[in-house]
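As structure tokens, the structure follows; a few thoughts come after it.
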Amino acid sequence: MGNYQKIESAVIHGGIYGDKTTGAVNVPIYQTSTYEQSGLGQNTGWEYSRTGNPTRAALEALIAELEGGTAGFAFGSGMAAITAVLQLFQSGDRVVISSNVYGGTYRVLDKVFQRFGLSYTIADTTDLDAFEKALTPDVKAVLVESPANPLLTVTDLAAVAERAKRRGALTIVDNTFMTPYLQRPLTLGADIVVHSATKYLGGHSDVVAGLAVVNDAALAEKLAFLQNATGGVLGPFDSFLLLRGIKTLAVRMDRHVQNAEQAAAWLKQNPSVSKVYYPGLPCAQGYEINRKQAKNGGAMISFELHEDCDIRKFFASLRLVALAESLGGVESLVCHPASMTHASIPYEVRQKVGITDGLIRLSVGIENWSDLRDDLAQAIKLSKEN
Ligand SMILES: *Cc1c(COP(=O)(O)O)cnc(C)c1O
């Protein structure tokens, strides 16, 4: 920490600030694969950019500081970060995942890691008794999201981490939906935080990236080894884009959340909307727990339209809000989890966890709320005409 106390300053001044050689206020893009050595065994501390690159290192130091960790690692995507973290485990081990986990996380465990003998159990982590039952002796890790994708269900992160620790399992929290500005899982007892930095951290829908943060030296050493050994690293230019995006994280999140709170309240009172999922609504599952562990409800909302609305027409009628995968950018996006983000989860599993075919997920952007409201209203109206 430098000459500041608060995260609004840390996003701008944290990690490694500027460039000592020139006084540049931004860390330069070190677009290099290798570094000249002055003699055998003599180097500047930089040898090869898979192992380390100054622009990536600045980003890694920044995310570690923001999450309250001791070491950060940047990867080419959120899935590359999650994959590297899962490579900490071995054949015979088991990972417990929360039932609404990101579709790609489920897929990599089911289709890739399972082939190497790493098993998984899906558990409802919002129910601590059900979660405890899933903690069989072979469980070495628990991977949770809170709020979870796409039903925004809240898991008590401190309670889960405490129970996992008692059984000797690590707690991994995917903090993509909240960012360290709204929630810091390491301070709640988690061992590893992962991010799809593609989303709010990047914030402008212009980079695909992943991050992992730990606060334990032994874990840091293992992850550094895995990052270098398996090589899914983030390039210097994309590291720069993330450094740039993170500088405005606090102001962006404030506006995202302000719009989301208005959107959730508006959807809630709309007669054409049958369900609203938003952890910032007092009637939401886990509202109190979320309030305890996070600054607010974030900016992701899911909802269902009444049966007299045709959701195909709803999607086709939107003019400002774009239909797209992803979330967390300045622009508002909607998606259809059943056919898009969660399509890799089998139909029966989707029904069981509540990802119905009528579910709509809204990533609330930072446009003016009244423009967003008008667009949603006209699309809902058109979805009812035939
Ligand atoms: C998008 C996302 C991922 C995957 O990240 P990529 O950057 O797309 O690889 C993982 N977890 C969550 C919660 C996500 O939203």
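Some observations on this one:
- Test: residue in region 341-353 that is under 19 Å from A264 (Cβ atoms) and in contact (Cβ under 8 Å) with a residue 60 or more places away in the chain: no
One line per residue, one yes/no per condition, for (1) charged (D, E, K, R); (2) surrounded by 24 or more Cβ atoms within 10 Å (Cβ to Cβ); (3) part of a strand (DSSP E or B):
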| residue | (1), (2), (3) |
| --- | --- |
| T155 | no, yes, no |
| I172 | no, yes, yes |
| K199 | yes, no, no |
| G203 | no, yes, no |
| D206 | yes, no, no |
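- Taken together, the residues in region 1-38 that are among the small types (G, A, S), over 26 Å from the mean Cα position of the chain (by Cα) and farther than 17 Å from F237 by Cβ amount to 4.
- Residue check, V144 within 14 Å of the ligand (Cβ to nearest atom), touching a residue at least 12 places away in the same chain (Cβ under 8 Å), in a loop (DSSP other than H, G, I, E, B) and not assigned by TED's automatic domain parsing to the domain that holds R350: no
- With a requirement of 2 or more residues that are within 16 Å of the chain's Cα centre (by Cα), the helices (runs of 4 or more DSSP H) lying completely within region 60-141 that satisfy it span 78-86, 103-107.
- Meets criteria (more than 16 Å from the ligand (Cβ to nearest atom) and without any contact (Cβ under 8 Å) to a residue 40 or more places away in the chain) for A229: yes
- Check on Q183, more than 15 Å from the ligand (Cβ to nearest atom), surrounded by fewer than 24 Cβ atoms within 10 Å (Cβ to Cβ), modelled with pLDDT of 95 or more and under 26 Å from V334 (Cα atoms): no
The values are calculated or read from the model by the stated rules, or taken from the named source; none is laboratory data. Keep in mind it's a predicted model, so treat the numbers as computed, not measured. All Cβ positions, glycine included, derive from the backbone under ideal geometry; neighbour counts span all protein chains shown.
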